[in-house]
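Have a look at the structure below, then the notes.
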Amino acid sequence: MNSLSLPVVHPSFQKLKHAGRLLHLTAGGLILVHAISHFNQPQSSPIYLGCLLLMALDIFILVLAGKNILTDMPKVNLFFRLVEILFFLGIGITLLVEKQWAMGILHLALSVVYSYLFYCEKKLNSEEYVAIHHTGISVPSLPESKFFLWSHINGVDARYDCIIINTSSNKSYEFDLRENLAFEELDQIHEFCRHYLGS
């Protein structure tokens, strides 16, 4: 029996993909609010203000005009996420230097949250797989994939269009398959289960 990798649709990954537009809109809105607040300050720099407005406008155009760009071109999505991280980090540090502690810490926290999103979205660039090996089963998860030894698996329910993995910690992982299994693949999964689970 060879190892088997099955491309699956992970519900958490799909939610994160769909939430990307809302998160970009939020970042664009915060950048716009910061630009407006900067405009009202007596020593506001027109170049800095212009950069903020241009950045917010770019993000809004990306989200509103290119609905599918964020999912079809993941590198564009990651580039804008990186810009958002740098913006929040830069503003946070600037505010801390100016001794505006609460707003500075808030912006630094936003940069950490967006950095975590960047890390997770970078993982989304590859397809999600459930991999069945002789040592156990790996399942896609955020922030890292999980690996379960056969001794920690109570059962595997494989069908042509989905797979359900029940673990000894009473957790169940259910995934829809991107393509229906061939008869040989389904038989191979059952063979793994018979050999390692006795079922």
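The values are calculated or read from the model by the stated rules, or taken from the named source; none is laboratory data. Since this is a predicted model, take the numbers as computed values, not measurements. Note that we place each Cβ from the backbone using ideal geometry, even for glycine, and neighbour counts take in every protein chain shown. Heads up: the accessible areas ignore ligands, DNA and RNA and are worked out on the full protein's heavy atoms, side chains in. Shrake-Rupley method; radii C 1.70, N 1.55, O 1.52, S 1.80 Å.
In table form, for the structure just shown:
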read-out	value
Extreme residue, surrounded by the fewest Cβ atoms within 10 Å (Cβ to Cβ), among residues of the range 135-156 that are at pLDDT 90 or above and outside any strand (DSSP E or B)	Ser151
Any hit, the range 97-109, residues being touching a His at 6+ places or on another chain (Cβ under 9 Å), at pLDDT 85 or above and open to solvent by 60 Å² or more (accessible area, probe 1.4 Å)	no
Number of positions in the range 157-199 that are open to solvent by 90 Å² or more (accessible area, probe 1.4 Å), free of Cβ contacts under 8 Å to residues at least 40 places away in the same chain and assigned to a loop (DSSP other than H, G, I, E, B)	5
Listing of helices (runs of 4 or more DSSP H) fully contained in the range 1-87 that carry 2 or more residues being at pLDDT below 70	11-39, 69-72
Residues of the range 161-193 satisfying the condition of being modelled with pLDDT of 90 or more and among the basic types (Lys, Arg)	Lys171
Which listed residue, of Lys99, Lys123, is basic (Lys, Arg) and more than 23 Å from the chain's Cα centre (by Cα)	Lys99
